[in-house]
Amino acid sequence: MKKHFVILLIFALLLPLFIPVFGMTNSDEVHENKLRAGGYPFIVDSLSPLHYTNFNAGQAVNLIFQPLIRQDRFGKWVPEAATEFTINEDATVITFNLDKTNTFSDGTPLTAHDVVFTYMILSDPDMSSRFSGFASNLKGYRHFRSGNVHLKEGEALTDHFPGVVAVDDYTVRFHFDDPGRNNLRFTSLGIMPKHYYGVDYEYNDVSSVNSLIPQPLGSGPYIFSDFSEDEFVTLNRNNNYLFPDDYSIEEIKMLMLSGQEIEDSFFNGDIDLILDTMYRPGLYRQTKENTELDGYAVPRRGYGYLKTN
């Protein structure tokens, strides 16, 4: 009995290593290349790389905004908005070359200045973000964050932000105070366009930036189209996306559901995909019994362990 118990316990602890994904077979053929996904509610005021607070909002943000690099399914960092990057020996200096043909969804070129702006906003004294750790090891962060930056005549705010520097329009360099295995990951925030979010921005006042969060603009594969508070968010394919062949679905509608509504909507055919991190053994069994339904367990990039006394 003890042996069986340990096996079951280990199995239970390993389950969080996999993210369940449930989907309707051939759904985008049935719904004319449109995908309906269901997940727990989130507020539209969180749709920015600096503000999202839960998994489902993060899924929308990651489709709207594009980082310099992202991890492939094997966990390897690969270029996205960048064409290549170099890292010095202790990972305190990381340099990116950007794709000169890349644009935001409105057609405006994405440049190194947009990357600098994104991290400068994150470091602003008035910014409250759970992602502040992405900037806290940057050179000059503490001084910039202190609120004690005072511009002299002829100075630009970027002169006081040495952590992320635009070497030229399409080369950006990160400078970190200390070596760290996470420094490369810290360069992977979604890029926010300066021409859009920075129009009325002033140091120590990010209210103008925050006012635009419900109408996000990025360079990712999808464009924010429409929403109904606590009901749904609709995304449409971005025709200006750098890698248009990577995404074929024209429209994604994320329905905000709660509790049993998610499973009921799935089996009723109201949604094609469940956005969820919860293990659902009952749903797995039912997908095996129904030829129109598919259930998958996708390995996540994380760690699990068994702790005993």
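Structure above, values below:
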quantity	calculated
Residues located in the stretch 41-97, provided they are of a type in the set (Val, Ile, Thr) and under 21 Å from Gly163 (Cβ atoms)	Ile69, Thr86, Ile87, Thr92, Val93, Ile94, Thr95
The listed residue being under 30 Å from Gly75 (Cα atoms) and not small (Gly, Ala, Ser), out of Asp159, Asp126, Asp178	Asp178
Any hit, the stretch 168-175, residues being open to solvent by 20 Å² or more (accessible area, probe 1.4 Å) and on the phi > 0 side of the Ramachandran plot	no
Filtered residues of the stretch 181-208 (kept if crowded, with 20+ Cβ neighbours inside 10 Å and among the acidic types (Asp, Glu))	none
Members of the stretch 226-270 that are open to solvent by less than 70 Å² (accessible area, probe 1.4 Å), without any contact (Cβ under 8 Å) to a residue 60 or more places away in the chain and over 20 Å from Gly190 (Cβ atoms)	Ser228, Phe232, Gly259, Glu263
Residue check for Asn148: free of Cβ contacts under 8 Å to residues at least 24 places away in the same chain and either touching a Pro at 6+ places or on another chain (Cβ under 6 Å) or in a strand (DSSP E or B) (or both)	no
Pairs where the first residue, in the stretch 283-309, is more than 17 Å from Asn268 (Cα to Cα) and the second is modelled with pLDDT of 75 or more and of a type outside the set (Val, Ile, Thr), C-beta under 6 Å, 6+ apart	Arg301/Gly75
Subset of the stretch 86-139 that is of a type in the set (Gly, Ala, Ser) and in contact (Cβ under 8 Å) with a residue 40 or more places away in the chain - its residue that is surrounded by the most Cβ atoms within 10 Å (Cβ to Cβ)	Ala135
Residue check for Ile271: more than 30 Å from Leu110 (Cβ to Cβ), out of contact with any Phe, Trp or Tyr (no Cβ under 9 Å at 6 or more places or on another chain) and at pLDDT 80 or above	yes
Every residue from the stretch 199-219 that is over 22 Å from the mean Cα position of the chain (by Cα) and of a type in the set (A, V, I, L, M, F, W, C)	Val199
Arg145 being crowded, with 17+ Cβ neighbours inside 10 Å and basic (Lys, Arg)	yes
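Residues are listed down the side, and each one gets a yes or a no for (1) among the β-branched types (Val, Ile, Thr); (2) modelled with pLDDT under 50; (3) surrounded by fewer than 18 Cβ atoms within 10 Å (Cβ to Cβ):
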residue	(1), (2), (3)
Leu13	no, yes, yes
Phe18	no, yes, yes
Asp45	no, no, yes
Pro49	no, no, no
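The values are calculated or read from the model by the stated rules, or taken from the named source; none is laboratory data. What you see is a predicted model, and the numbers here were worked out from it, not measured in a lab. Quick reminder, even Gly has a Cβ in these numbers, built from the backbone with ideal geometry, and neighbours come from all protein chains shown. Heads up: the accessible areas ignore ligands, DNA and RNA and are worked out on the full protein's heavy atoms, side chains in. Shrake-Rupley method; radii C 1.70, N 1.55, O 1.52, S 1.80 Å.
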